[in-house]
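The values are calculated or read from the model by the stated rules, or taken from the named source; none is laboratory data. These numbers were taken from a predicted model, which means no experiment stands behind them. Backbone-built Cβ (ideal geometry, glycine too); neighbour counts: all protein chains shown. Side chains included, ligands, DNA and RNA excluded: accessible areas come from the protein's heavy atoms. Shrake-Rupley method; radii C 1.70, N 1.55, O 1.52, S 1.80 Å.
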Amino acid sequence: MTRKLLFAAGTAFALALGAQAPGAAAAEWKFAIEEIKGSVQDAYAQEFAKRIEEKSGGEITVTVYPYGTLGTSADLTELVANGAIQFANASPGHLGTLIPEIQVFSVPYLLSQNDQVNKEVLANSETLYQNLEDDFEEQNLELLTMYPEGEMVWTANREIRNPEDFDGFKMRTMVSPMLTEAYQAFGANPTPMPYSEVYGGLQLKQIDGQVNPIFAIQEMKFYEVQDYMIWAGQQTFTTTVVTNNDWYESLSDAQRTMIDETVAELVDFIFETQREFNETRLEKIKDSKPELTMIRLTDEERAAFEERAGEAREKFLEMTGDSGAEVLNSLEQEIEQAEKKMN
Ligand code: 6CS
């Protein structure tokens, strides 16, 4: 898919309604998310469901399956690929074993410090929607959209201000090989594990810390079993929404347009939602645990990690070869252009 929906002008609504043959049976589309009810991904999927139901005049209902009901993130992607469900979130932090190049989004300090820039790039990137289209298709997936969910903050059982502080520190990461490389470069002992096991892992001290956006730290209660929250500016959490490629191609033009149009409408919606969730939930964390120490690394402290990120970038290139280099370079150019345009 490309951003064709953007050019669909206002005809989609009528077309979508017209796409339903008179007397056609109501359809149910299934959308699995990698997060729990009340999360950013849930807000997206619920709004997607609401709009699809409205646009189809009630002929299509979308059922949202929260994390835990259908399996781990990897399971959800597989369910979409084999057509058991129609939509799922598939975050690059978990998708790297299937589509190595998507791990570019886990290269530290690559995305902009300006989240508006990230929003634009993720919604419109040619690198993403054209260069990587075939890689998704090979997995029988269609990439519908990608959006940011907020800055990823470290939580830890001790103060981390420079790479030496990470010595012997077991940092939980998502399962992407790129994240393992990144946290090794930062000086930590990366420990990949599924999302559902993180709280227990922290509580039982199998891991010393983890990294996620604030809304997730709050709703998954990770802050309860940690002493520090640390902002190092290394990464924005990004996620994709994927659909089954064969199924998507088998839809009528009107139904595809309805999906594409809805996805385009939700770019601003989800950006504002994640911003609000991250802001309000930081306040909730502060209220619930005033003794939690919050640290923003100084520019100098951050620079030491940025320097280490160079090693992670090299590892990305080793893992992905020429195709990865092309993706990395063109994405960097897109980010630079978007930053210039917005400043
Ligand atoms: O850390 C994780 O595994 C998860 N974090 C978020 C914010 N969403 C989904 C992902 O699986």
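Annotations for the structure displayed:
- Tally of residues being outside any loop (DSSP other than H, G, I, E, B), aliphatic (A, V, I, L, M) and in contact with a strand residue (DSSP E or B) (Cβ under 6 Å, 6 or more places away or on another chain) across the stretch 145-191: 6
- Residues that are open to solvent by less than 10 Å² (accessible area, probe 1.4 Å) and within 14 Å of the ligand (Cβ to nearest atom) occur in the stretch 106-126; there is at least one.
- Residue count for the stretch 35-58, restricted to those that are hydroxyl-bearing (S, T, Y) and either free of Cβ contacts under 8 Å to residues at least 24 places away in the same chain or more than 13 Å from the ligand (Cβ to nearest atom) (or both): 1.
- Considered as a group, the residues in the stretch 168-225 that are in contact with a Pro (Cβ under 7 Å, 6 or more places away or on another chain) and of a type in the set (F, W, Y) include one that is nearest to the ligand (Cβ to nearest atom), and that residue is Y183.
- Selected residue [open to solvent by 10 Å² or more (accessible area, probe 1.4 Å), among the acidic types (D, E) and closer than 30 Å to N245 by Cα] from E133, E197, E181: E133
- Residue selected from the stretch 59-99 under the condition within 14 Å of the ligand (Cβ to nearest atom) and at positive phi, by the criterion most open to solvent (accessible area, probe 1.4 Å): G68
- Within the stretch 125-136, not a single residue is outside any loop (DSSP other than H, G, I, E, B), in contact with a helix residue (DSSP H, G or I) (Cβ under 9 Å, 6 or more places away or on another chain), within 20 Å of Q41 (Cβ to Cβ) and of a type in the set (S, T, N, Q).
- Flag for Y44 being closer than 18 Å to L266 by Cβ and surrounded by 13 or more Cβ atoms within 10 Å (Cβ to Cβ): yes
- Options E283, E307, E261, E318; residue that is of a type in the set (D, E) and assigned by TED's automatic domain parsing to the domain that holds I85: E261
- Any chance A312 is more than 30 Å from A49 (Cα to Cα) and in contact (Cβ under 8 Å) with a residue 40 or more places away in the chain: yes
- Any pair with Cβ under 8 angstrom, 6 or more apart, that starts in the stretch 197-219 at a residue that is of a type in the set (V, I, T) and ends at one that is more than 11 Å from the ligand (Cβ to nearest atom) and open to solvent by 10 Å² or more (accessible area, probe 1.4 Å): I207/K170; I207/T191; V211/Q235; I214/E151; I214/R281; I214/L282; I217/Y223; I217/R281
- Every condition in (1) within 13 Å of the ligand (Cβ to nearest atom); (2) modelled with pLDDT of 95 or more; (3) in contact with a helix residue (DSSP H, G or I) (Cβ under 6 Å, 6 or more places away or on another chain) holds for I102 except the one numbered (1).
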